[in-house]
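In what follows, a structure is listed as structure tokens, so that the remarks can point back to it.
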Amino acid sequence: MSSHTVEPSLPPAGEGPEGPLSERELDRTHRPPGPRFPRRLAELVDTHALTLLRATVGLVFVGFGVLKLFPSASPAEQLAVDAATKMTLGLVPETVLLLSLAALETAIGIGLIAGRRLLRPALVAFFLHMGGVFSTLFLLPDAMWQPHSPAPTMEGQYVVKNVVLVAVCLVVVAHEWSHGDGRRSRRSDGWG
């Protein structure tokens, strides 16, 4: 009489006892061991990345917008007034320009933070505003560029760093456009 033993076999890679693993389960099974907190934090940030981007840019805009409401509180106040005066050909009083910029920046910030129905108008206003901001590089060349050098002055650097905000809002716009009105899912992050 021959004895026959059956050895347990392992399922093929990517399959569990009940069948193929989902992509999420497969990802979880192939994670390197390590502390749970950083991984959980990374998952949380990844899940809410767009909301985080919108909110942080929104807070920056609200903060700088509110600063312009208080005389001499904003380091960019005079630069903004000088550029806006050139754009309006000096027809609008400086106080009106400064209050308008303060209101515009604050409204853009609130729209970015709130999302939902305010997001698209806020993004349009943001890009129009950035057009004005970057125009200072050409409207005020003496204030923006060092003499005999292509390097920006401190004020010029203040303007040029806005490319980061533009990049963030381009990501937000790309997400917004890729999720058209009819296909948008209702989520708790303010996009639905």
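Debye-formula intensities of segment 37-120, expressed as log10 I(q)/I(0) at q = 0.19, 0.20, 0.24 Å⁻¹, are -0.82, -0.87, -1.04 (one equal scatterer per alpha-carbon, no solvent). Taken per residue, the accessible surface of segment 79-188 reaches 60 Å², heavy atoms only and a 1.4 Å probe. Only Lys, Arg, Asp and Glu carry charge here, each on its Cβ (+1 for the first two, -1 for the last two); on that basis segment 50-192 has a dipole of about 780 debye about its Cα centre.
In segment 91-178, Cα pairs under 8 Å separated by at least six residues give a relative contact order of 18 percent. Work out the FRET efficiency for T85 and R40 from their Cβ-Cβ distance, taking R0 = 30 Å, and round it to the nearest 0.05. Working from the Cβ atoms, E equals 0.05.
Considering only protein heavy atoms and a 1.4 Å probe, what is the carbon-and-sulfur percentage of the accessible area of segment 44-161? Mind dumping the intermediate values first?
Working: 4910 of 6700 Å².
Its accessible area is 73 percent carbon and sulfur atoms.
Summing +1 for each Lys or Arg and -1 for each Asp or Glu, what net charge is found among the other residues whose Cβ lies under 14 Å from the Cβ of A143?
Working: positive: K86; negative: E77, D82, D142, E155.
Once positives and negatives cancel, what remains is -3.
Close amide-amide hydrogen proximity is noted between W145 and T153, each under 5 Å apart and 5 or more residues distant or on a separate chain (H modeled in the peptide plane; Pro and chain starts excluded). Our estimate of slack between F127 and L52, defined as 0.36 nm per intervening residue step minus the Cα-Cα distance, is 25.1 nm.
Spacing of the modelled spin labels on V173 and Q146, each 7 Å from Cα toward Cβ, amounts to 3.2 nm.
Within segment 75-179, which trypsin sites (Lys or Arg not before Pro) sit in a loop by DSSP and count at most 11 neighbouring Cβ atoms inside 10 Å? For trypsin sites (Lys or Arg not before Pro) across segment 75-179 that sit outside H, G, I, E and B with at most 11 neighbouring Cβ atoms in 10 Å, the list reads K161.
The values are calculated or read from the model by the stated rules, or taken from the named source; none is laboratory data. Since we're looking at a predicted model, the values are computed, not measured. No Cβ is skipped: glycine too gets one built from the backbone with ideal geometry, and neighbour counts run over all protein chains shown. These accessible areas exclude ligands, DNA and RNA; they are computed on the full protein's heavy atoms, side chains included. Shrake-Rupley method; radii C 1.70, N 1.55, O 1.52, S 1.80 Å.
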